[in-house]
Each structure stands twice: as C-alpha cells, then as structure tokens.
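This report refers to the structure that appears directly beneath it.
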Amino acid sequence: MTPSNVAPAAFDALQDLSSAEKRATIRKVTLRLVPILAIAYFFNSLEKTNIGLAALQMNESLGLTTAAFGLASGLLFVGYAVFEVPSNLIQYKVGARKWLARIMITWGACAAATGFVNSEASLYILRILLGIAEAGFYPGVILYFTLWVPKQYRGTMLSLFVLGGTLSSVIGSPLTGLLLTPDHYFGIESWRAMFVIEGIPAILVGVVCLFKLVDRPAEAKWLTGRERNWLESSIAAEHALVESNHSGKGVLRAIGDIRVLMLSLIYFCLKCGQYALAFFLPLMIVAFQTQAGTKMSTLQVSLMVAIPALVAIAPAILWARHSDKTGERFWHATIPAIVGAIGICVSAVLHEPVLIMIAICFAMIGLTSQSAPFYQIPGFFLTGAAAATAFGLINSLGNLGGFVAPTVFGTLKDATGNYVAPSLLMGGFLIVAAVLTALLPRMFKSLNPNQHAAQPVVASK
C-alpha cells in the first residue's frame, strides 16, 4: 500500500527497478566509486601511521623519547579535531569531488614534507599541519555515501572502503619496511626518503578524483536514467522520513544533540584502542625480540605488523554484510568493541610472543569490524547539513582519542618500562565503548532498533 504522504509518481519510479536491477545498480556504483576512495584511504591510513615504523630509526635520529614520539603521533589529531566539522560542511556546500581531491592533495604534500623535519619541534608542527590537511576525509566519504546509496547497502560499501585502510597495514607496512631497509639513499636517511616517497601518491590520487568522482547520482552519466531516478528517489525518501520523525536537518540541532555527543564519546573510546595499536604495534613487536632472544630487521617487523590487519579483512566484510542484511546496527557495533577489548587486555598479560600476536589479531578483528555498523547510527536521526555536522563532530571529538591514546600510552610505557599498564587502560576504553553502544537504544527511545531494521524504501513528497 502506498503511504498517504508518498507522491504516486515517485512511488512508481521506485518500483521501476527489479531487485536484480537494484543490486546491479549498487554494484555499478560500488565499482565506480569505492576503488578510488579505498586507494585514497590506503594512503591516508599509511601516512598517519607510517610514523610507527619510521620511529625505529627516526627516534634515534631526532633524539625522541617514547613519550615524545607518542606526543608527535597524537598531535595530528589536534588539527584534525579543530577542522573536521568545518571541512565536512564545506564539502556539503561545494561537493565531494572538489573537496576530497583538495584534502588528498594537501595531505600528500604535508606527509612528504615530514621527511624534511630536523627537530622535535618541527616534527610536532608537521603532524599538526597533516591533521589540518586531512580533516574531513573519513566523515566526508561517509557523508558522500549517504548521497549515493540507500542505507541498506551502506554498511557493506563502507566496509569495502575501510578495506583500503586495512590494506595499508597488510601491504603498506611491508612497503614501508622495505623502504626503510637501507640506512640511506644517496646520503639521505631512509626514514626521510620514505615519507617523501609515500606522500607523492596521495597527491596523484587527489588529481584523479577530480576526473573520476561525481557528486550525486543525478550527475552520473555512466548510470541509466532509471538507475539515477531510483537512487535519487530512494535517498530523498529516506531523508524525508528522518526529517519527519526527528527534525534532523539543522546544523545547530546536530551540535546540540545529546545522541551525537554520546556517539562522539563512544568513538573516542574506540579510537583510543585503535590508535594505540596503530602507532605502537611496531615498537611492541620490537619488544618481543628481547623476550624471544631474537633480532628482527625493520622489514621483518613490518611484515609482523601486517599479520593482524590481514587476519581482520574477511571478518570485517562479512560482519558488515550481516549488519546490512539484518538491518541491525547496535549489537553489530557493540560485539566487535568487546572482542577488541578482550584481545588488547589478554595481550597485556601474556608473555609468549606468539600468543601475544594471536591476541592482537583478535583485537584487530574487533576494531576493524566495528566501524561500518557504528557509522550507520547517525543516519537514523539526521540528514543534510545536520548529518554532515554530525559525522564531522563524531569523527572530530572521537579522533581526539588518537591524541590521548599514543600520548598516554607512551608516557605509561616510559613510567612502567613495559606495555602492560597502557594496554589494559586501552582495553578499558573499549569496554566503556561497548557498554555505551549497547545502552544507546535504552537511553534514547528514538533509537529503537525495531524502527530501523532493513526494509523496502518508499519515497515521500
């Protein structure tokens, strides 16, 4: 039955595609947009975290303590936090094609410039500038997907995009290790050359985005008219329903919405666990050497870093597809946080390197699987500029965990001489995230999961 607030013509347009044609349309969109964005995220993740492997040489070259390295790693998120929301709002106004390209080009330039730092202070400055340059990329892509595909397909699409970041550990870490294997390139320290070499591709990807990305389905010449109409009508219907139920359009509504602030707190706790592993895993693996009485090269360490990310790929994609199929988001975001917490905490109390690595693999599976279902939750109650603000605010405040985690982690390690206390603390953050996520539907009746199960989409006028 057609709802009373649905325009008959719009409803008929939605029914114009069969289920098979809809799936084919989503595949077409995915193959066109996701690869370039996943490649961009590959370099985005690589250039945020390659400092972890660079630390094996850079810390000695610049005279950095573990605490100073942790501060340098985390300072990226200061600029990130300040400019995240403005960046997303600018993208909402000017379009993803131009703005995401700008982000990639400027962050690539800042990443390459890190190879020219000559002091602790200059490293701090470049990390802040890198955060400013890339602010808005991840939430910008999430916002972009909300303008392209109906919500029942977004979890899987987001998981494929996030795969680019995961592959930065699987492929990028060994690549970084290979670049760091010689001590020098023509008299230039290898860690400096590595930053320059890995920064340039991001600039090139940004240029490609100007030609490959399209802001909305209506502008996509590679879709048929019926496909464009179905995508635009479905998304418009979803947005109208959210606005009708939650008044979810205004920017100020998103900033003052307690649900957005709660999601920001949850994301902060999650990022504490994620970035503690991202920045310190190479140094933790080096610590294995002392326990095992062995010596590993930088390349061998980078290969070890790739193992947890490689193990996490398949579970993360399957988990996102299951979340899309069932339409359930809250437990699909809660359970991975619990798995991540258990993995990190167990790794802290083990002494056998192999068992520690197995525990870290479980932690990585949880942390990688959590993102796709979690980021579907704001779309339950916000659209338009409010959604752009919410995605930016959640990512901005949440990524402050990327500043707190490595700073506290490094300080605790220096104070205790081992990774036990900082690992248990990060596991505690993940437990808090899991508990709060599970309680969201109870704290906010408007987030009743039964309202948001996967269902056919109809258009509203």
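The values are calculated or read from the model by the stated rules, or taken from the named source; none is laboratory data. In this text, all values refer to a predicted model and were calculated from it rather than measured experimentally. Virtual Cβ from ideal backbone geometry, glycine too; neighbours counted across all protein chains shown. Each accessible area value is taken on the protein alone, full model and side chains, heavy atoms only, with ligands, DNA and RNA left out. Shrake-Rupley method; radii C 1.70, N 1.55, O 1.52, S 1.80 Å.
Numbers at a glance
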{"read-out": "Lys, Arg +1 and Asp, Glu -1 on Cβ, resulting dipole of the chain about Cα centre, debye, nearest 20", "value": "1080"}
{"read-out": "Ala218-Arg442 FRET efficiency (beta carbon distance; Förster radius 56 Å; 0.05 resolution)", "value": "0.90"}
{"read-out": "Accessible carbon and sulfur surface of the chain relative to its total accessible area, %, 1.4 Å", "value": "68"}
{"read-out": "Nearest-ten-degree value, helix 225-246 long axis tilted from longest Cα axis of the chain", "value": "90"}
{"read-out": "Rounded, prolate or oblate (a/c below 1.5 giving rounded, otherwise prolate when a/b exceeds b/c) for region 397-440 by Cα gyration tensor", "value": "oblate"}
{"read-out": "Qualifying trypsin sites (Lys or Arg not before Pro) in region 23-90, DSSP loop, other Cβ atoms within 10 Å at most 10", "value": "none"}
{"read-out": "Extension gain from Leu210 to Ile171, taking 0.36 nm per residue of separation minus the Cα-Cα distance", "value": "11.5 nm"}
{"read-out": "Contour excess over end-to-end distance, with Cα ends at Phe116 and His184 and 0.36 nm allotted per residue", "value": "23.1 nm"}
{"read-out": "Spin-label model distance (nm) - Arg32 vs Lys295, 7 Å beyond Cα toward Cβ", "value": "5.6"}
{"read-out": "Theoretical ellipticity at 222 nm over the chain - DSSP helices of four or more residues, -39500 (n - 2.57) apiece, nearest 500", "value": "-27000 deg cm²/dmol"}
{"read-out": "Nearest 10 degrees, 0 to 90: helix 66-94 Cα axis against the chain principal axis", "value": "20"}
{"read-out": "Amide H contacts under 5 Å for Glu189, placed H, 5+ residues apart", "value": "none"}
{"read-out": "With 10 Å bins from 0: P(r) over region 263-395, alpha-carbon pairs, percent", "value": "12, 37, 30, 15, 6, 1"}
{"read-out": "Helix 96-113 vs. the chain, principal-axis angle (Cα, 0 to 90°, nearest 10)", "value": "0"}
{"read-out": "Whole-number accessible area per residue in Å² for the chain, which is evaluated in the context of all protein chains at 1.4 Å", "value": "39"}
{"read-out": "Stretchable slack from Ala421 to Arg226, in nm (0.36 nm times residue separation minus alpha-carbon distance)", "value": "64.4 nm"}
